[in-house]
Amino acid sequence: MCNQTVCLVAAELERHGISTVVIQLLRKVAECVGPPRALFVPFKHGYPLSAPNEPRRQHAVIEAALKLLEDPALTPPLLADFPASFP
Amino acid sequence: MTWELEICRNSCNARLMGDLSEFSLTVKLFLKAYRWRKIDPIPWAALKKPLSECRLALVSTAAFVMPGQEPFDESIRGGDFSFREIPGDTDVRQLIESHRSESFDHAGIQQDPNLAFPLDRARELAERGRIRSLNLRHLTFMGSITAPGGLIQQTAPAAAQLLVEDTVDVALLVPV
């Protein structure tokens with residue numbers, strides 16, 4: 001349910017003019033709920049930024065999410081996939 | 001540190017469907033039958049300036065609370081839709097994880113709260129100028145809200161109002 005909750009909060013923030021990006025661990029939820037900007041990550045539940053005590057890997061996920069905020073050509077509902085394998 | 005992201009629309013096939021195999025049969029059946037709340041119309045706040053000029057806030061649904069804060073209430077039917085404010089100067093190692101869900105492995109976020117509430121990572125973004133600043137407060141929810149009416153009508157708008165008052169430009173939201 002966490003996936004839906006972040007989507008619903010993100011929608012409210014966007015209605016108030018705040019740009020958002022949500023991480024999603026279940027692609028189906030992102031597709032059904034339809035948040036403005038979402039990054040689907042292929043990690044198990046409880047590990048949304050990949051691994052504990054791995055700053056480099058955590059930054060990689062965050063950077064991918066931030067990129068979605070920066071591209072002016074993208075429109076909602078936006079759902080991007082973080083690579084299943086990365087350095 | 002860049003990778004090509006595959007951008008999809010809602011008609012995407014199930015090739016990369018999130019993996020339900022880690023859930024119990026009960027949870028799988030619940031998720032299959034659950035009526036997800038569709039956001040319609042979808043709001044869109046385009047970024048108005050470069051990220052390097054933006055103030056960032058974090059929102060996590062990992063149910064972290066500060067020592068002394070009221071823990072989330074596991075007994076509320078439909079889920080506790082309240083939120084907690086976490087000061088921006090918090091040491092994440094002090095946070096207490098109080099998520100009620102048994103459907104995920106809690107070990108990772110207990111070892112390193114940054115895994116679902118990346119406060120140290122956000123500080124590093126500010127230090128290197130990727131963002132202008134970090135907000136003075138961040139928000140945590142307990143995400144296991146099956147009946148989100150109160151969230152939609154009460155606490156999400158209240159959370160948004162707080163961040164508007166703080167002149168937050170962008171928010172990163174992380175589930176668990």
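Numerical summary
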{"item": "Residues of region A:25-50 satisfying the condition of being at the interface with chain B (Cβ under 7 Å from one of its Cβ atoms) and hydrophobic (A, V, I, L, M, F, W, C)", "result": "A:25, A:26, A:29, A:32, A:33, A:40, A:49"}
{"item": "Filtered residue count, region A:52-79, keeping only those that are facing another protein chain (nearest Cβ under 7 Å), closer than 26 Å to residue B:64 by Cβ and not charged (D, E, K, R)", "result": "11"}
{"item": "Unmet requirement for residue B:144, which otherwise passes all of (1) small (Gly, Ala, Ser); (2) modelled with pLDDT of 95 or more; (3) closer than 24 Å to residue A:29 by Cβ; (4) buried (at least 21 other Cβ atoms within 10 Å of the Cβ)", "result": "(2)"}
{"item": "Hey, residue B:65 facing chain A (nearest Cβ under 7 Å) and either at negative phi or out of contact with any Ser or Thr (no Cβ under 8 Å at 6 or more places or on another chain) (or both) or not", "result": "no"}
{"item": "Near pairs, Cβ below 7 angstrom, 6+ apart or cross-chain, from region B:140-153 (in contact (Cβ under 8 Å) with a residue 24 or more places away in the chain and more than 7 Å from chain A (Cβ to nearest Cβ)) to any residue that is charged (D, E, K, R) and surrounded by 12 or more Cβ atoms within 10 Å (Cβ to Cβ)", "result": "B:140/B:84; B:142/B:80; B:142/B:100"}
{"item": "Matching residues, region B:79-95, being over 21 Å from residue B:161 (Cα atoms) and crowded, with 22+ Cβ neighbours inside 10 Å", "result": "B:79, B:95"}
{"item": "Which listed residue is within 27 Å of residue B:154 (Cα to Cα), outside any strand (DSSP E or B) and either at pLDDT 95 or above or out of contact with any strand residue (DSSP E or B) (no Cβ under 6 Å at 6 or more places or on another chain) (or both), from A:48, A:42, A:72, A:52", "result": "A:48"}
{"item": "Meets criteria (facing another protein chain (nearest Cβ under 7 Å), within 23 Å of residue B:145 (Cβ to Cβ) and without any contact (Cβ under 8 Å) to a residue 12 or more places away in the chain) for residue A:12", "result": "yes"}
{"item": "Candidates B:112, B:120, B:80, B:169 - the one that is within 10 Å of chain A (Cβ to nearest Cβ), charged (D, E, K, R) and touching a residue at least 40 places away in the same chain (Cβ under 8 Å)", "result": "B:169"}
{"item": "Number of the exception - residue B:2 against (1) at pLDDT 90 or above; (2) at the interface with chain A (Cβ under 8 Å from one of its Cβ atoms)", "result": "(1)"}
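The values are calculated or read from the model by the stated rules, or taken from the named source; none is laboratory data. A quick note: this is a predicted structure, and the numbers were derived from the prediction, not measured. Using ideal geometry, Cβ is built from the backbone for each residue, glycine included, and neighbour counts are taken over all protein chains shown.
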